[in-house]
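Values in this text are rule-based calculations from the coordinates and carry no lab data. Fair warning: this is a prediction, and the values are worked out from it, not measured in the lab. All Cβ positions, glycine included, derive from the backbone under ideal geometry; neighbour counts span all protein chains shown.
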Amino acid sequence: MSLQSVFDIAEVCARHGIHHAVISPGSRNAALTLAFARHPAIKTFVIPDERSAGYIALGMAQQSGKPVVVICTSGTAVYNLGPAVAEAFFQQIPLIVITADRPPEWVAQQDGQTLFQQNIFGHHVKQSFQLPVSRQHPDEHWHINRIVNESINLSQNLPQGPVHINAPFREPFYPANGEELPYSSDVRIIKESERHYPLSEDEANKLRDRLKSFRKILIVSGQMPYDPQLVRQIEKLPNGIAVLADITSNLHECGRIIRHGDLLTALASDSLHKNLQPDLLITFGQSVLSKNVKVFLRKYPATEHWHIQPAGQTADTFQHLTRIIHTTPLHFMEWLTSCSAQNVDSEYYGLWKNADERIRSGISAFFNKTALSELHLISEVIHHLSHDACLHLANSMSIRYASLIGLPPLKHNIQVYANRGTSGIDGCTSTAVGHCLVNSGLHVLITGDLAFFYDRNAFWHNYPLPNLRIIVLNNHGGIIFKLIDGPAYLPEADEYFVTRQPLNAKHLCSEYGFEYVPVVQPDDVHAGIEKLFSPGKTVKILELETSVSDNVSIFEALKSHLRSVYAT
C-alpha cells in the first residue's frame, strides 16, 4: 500500500487524458519518477534544471491544451519552478506541479534539502494540496486519490491554471529489488462536467437595449490563443465597429483588424485622439501589449467598458470598467453580430482603418530604404514564415519589434506565443522547446541576446529538436533601456541597465551541435533565412550581431519617419 498509492497517481493522470510529464532528477521524488516513467500512456521528459523544466512543461501544456505534470525533488529545486508557475498562473495554463518533500517533523531541523514547501507558490497557484505523509491506511489511499482527481479538474476549470501537490516521503524511496507495482485497475476517476457560458436570454436583451446608446464602438483584444472560429465571427461584425488587436491576439487572419494600434495611438494628434475616443469599449483576452493603447484608453475613456470573460478575477486595466460579462468571446461576438447596427457610426471604423493604413504604408516605405538592422531582419523573417508555423516571441524588444511589424492577413494558421503573463525573459526559450517536444510542426523563436543566454539550459537535455529555428538579435545588451524614459541618459546605463555582454551564439551552437547561421552583411539576409528554414536534423540558430546604438538610431529614425507621414 505504501508505494501503490503513489504509482496510482500516474494512473489517475493517464485516465484524465494527461500524457506528458516533465521530471527533474532527484532522490526524494524517486517513487513519483518511477510511477510516471513506467506508465505506458505517459511520455516523460528528463530536464535537469528545474527552472527550465517548469517552462518546458508550460510550453507543452500551452501547445497541447492539456495539463502537463512537472515533478521535482525537495528543497530549493521547488523554488526554481516558481517563475514558470507564476507565468502559468497569469497566462492561465494548466500545470500539475508535484513536489517531493521531507516529512513535516524534519522541516527546520537542519536536515538537508529541506525548506517550508507547503503553499510555497502562494497566490500563484489555483490551490495547493498536501498529501498525507503516511500511506498505510485505506483512508490515506482514498485521500491521495481524491486530491489528485480534484487537482486535475481544478487545473482545467476556467480560468485554467497551475495546481500544486506537495508530497512528503519517508525512506525507503525506492521499491525493493524485484518488487512489481502494477497500476490499480480499479483506480477511481472523478470527472467534472464541462461548463458552458452562453449569454442568457434576459442578459442578452438587456445588453441589446444598452447597445443602442452607443455610436462609436471599439473592441480591443488582449493576448489570446489562436481560434479560427473567433476570427471568422469577428469578420462578420457590423462595419462601423473597430477591432484593435496586436500580434499576441492571434487575430491576424482577420482582414478588418487594426494592427498598428501602438504606433497609431502614440503618434496621433489630440484632435484625432478625440475622434477615436469610443463610446463603448469591449475587451477580451489577457494582457494588452501596447502601453500607448493603455494610456490612450485611460486618457480618453469610453462611456462604458464591457469586459468579456467566462470566469475568474477581472483586471480593470483601463480604469473605467463598468460591466463584466461572463461568457466566451466567441459567444459574445455571435450575439453582437446578430444585433442591429443602425446606431453604429459608420465612419468610426474608417477613422481607425485610415490611420492604420498610413502607419502600414509608412513602415513599408521605411524598410525599402533602411540598412540592415534588427527591425529589417524581423520583417524579412515574418515575410518568409510558412503557413501553420508557430511563432514564439521573447520579451523586451523582440516582441515589440514583431508587434510593430505585425502579421499580414495572408499568414494563415500561424500561431503566436509569448510569455506575457509575467513578461519575464527567463523562460522564453524553454517555453518554445516545450512546444517543439509535443508538436512536430515548425517553431520559430525570435529572441534577444540577454533572454537567449539567460535561458541556455533550455537545451540541457537529450531530446532532438529538428523543428526549432531561432533568430538571435544580439546587440550585446538590452536595447530597451536606451529607448525608455529614465535610464537612457544615466552615466550608469551601460553597466547597470543595458548590461553589456560579449557573447555570441557560435560557441553555444558548437557545444550543442546546432547549425549556426550568421548574418553579417545585408546580402546575407535572404540566403541566411533560406538556410534557416530549410529542413534539418537539429536546431538552427540565425544570429545578427549589431550594436545597441545603431539599433536605437534606426528605431528612432522609424518613429521620426512615421511622424512625418502623419504630418502630411
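Restricted to Cα atoms, segment 430-568 shows a radius of gyration and a Dmax of 17.2, 57 angstrom.
For segment 156-225, chymotrypsin sites (Phe, Trp or Tyr not before Pro) meeting the loop criterion (DSSP other than H, G, I, E, B) and having at most 10 other Cβ atoms within 10 Å: none.
Amide hydrogen proximity for residue 46: with H placed 1.01 Å from N in the peptide plane, the residues at 5 or more positions away or on another chain lying under 5 Å are 23. Full extension of the segment from residue 232 to residue 197, taken as 0.36 nm per residue of separation minus the current Cα-Cα distance, would add 10.6 nm. In terms of overall dimensions, the C-alpha atoms belonging to segment 201-354 reach 42, 32, 29 Å along their principal axes, ordered largest to smallest. Here r is the Cβ-Cβ distance between residue 208 and residue 118 and R0 is 60 Å; the resulting FRET efficiency, rounded to 0.05, is 0.75. Comparing segment 4-168 with the 2.2 N^0.38 Å rule of thumb, its C-alpha radius of gyration ratio is 0.93 (two decimals). Phi angles of segment 89-101 translate, via the Karplus equation with coefficients 6.51, -1.76, 1.60 and θ = phi - 60°, into HN-Hα couplings of 5, 6, 9, 6, 10, x, 10, 10, 9, 10, 10, 6, 9 Hz per residue; Gly and Pro are given as x.
Specify the longest stretch of the chain that does not include any exposed loop site, a site being one of the GluC sites (Glu not before Pro) with a non-H, G, I, E, B DSSP assignment and at most 15 other Cβ atoms within 10 Å. Longest gap between qualifying sites, sites excluded: 1-178. Rounded to the nearest 10 degrees, the angle from helix 374-384 to the longest Cα principal axis of the chain is 80 degrees. Taking the helices alone, the chain has a mean residue ellipticity at 222 nm of -11500 deg cm²/dmol, built from -39,500 (n - 2.57) per DSSP H run of at least 4 residues and averaged over all its residues.
Among 390, 254, 339, the order by Cβ neighbours within 10 angstrom, fewest to most, reads 339, 254, 390. The convex hull defined by the C-alpha atoms of the chain has an orientation-averaged projected area of 28.5 nm².
Relative intensity of segment 274-366 on a log10 scale, I(q)/I(0) at q = 0.14, 0.22 Å⁻¹, equals -0.65, -1.30, per a Debye sum over C-alpha point scatterers of equal strength in the absence of solvent.
Scaled against the 2.2 N^0.38 Å expected of a compact globular protein of N residues, the Cα radius of gyration of segment 376-447 reads 1.05.
At 1.567 mPa s and 4 °C, plugging the Kirkwood radius over alpha-carbon pairs of segment 121-202 into Stokes-Einstein gives what diffusion coefficient in µm²/s? Provide the component values of the computation, followed by the final result.
Details: Rh = 15.7 Å.
Result for D is 83 µm²/s.
Taking the centroid of alpha carbons for each part, segment 361-382 and segment 138-178 are 52 Å apart.
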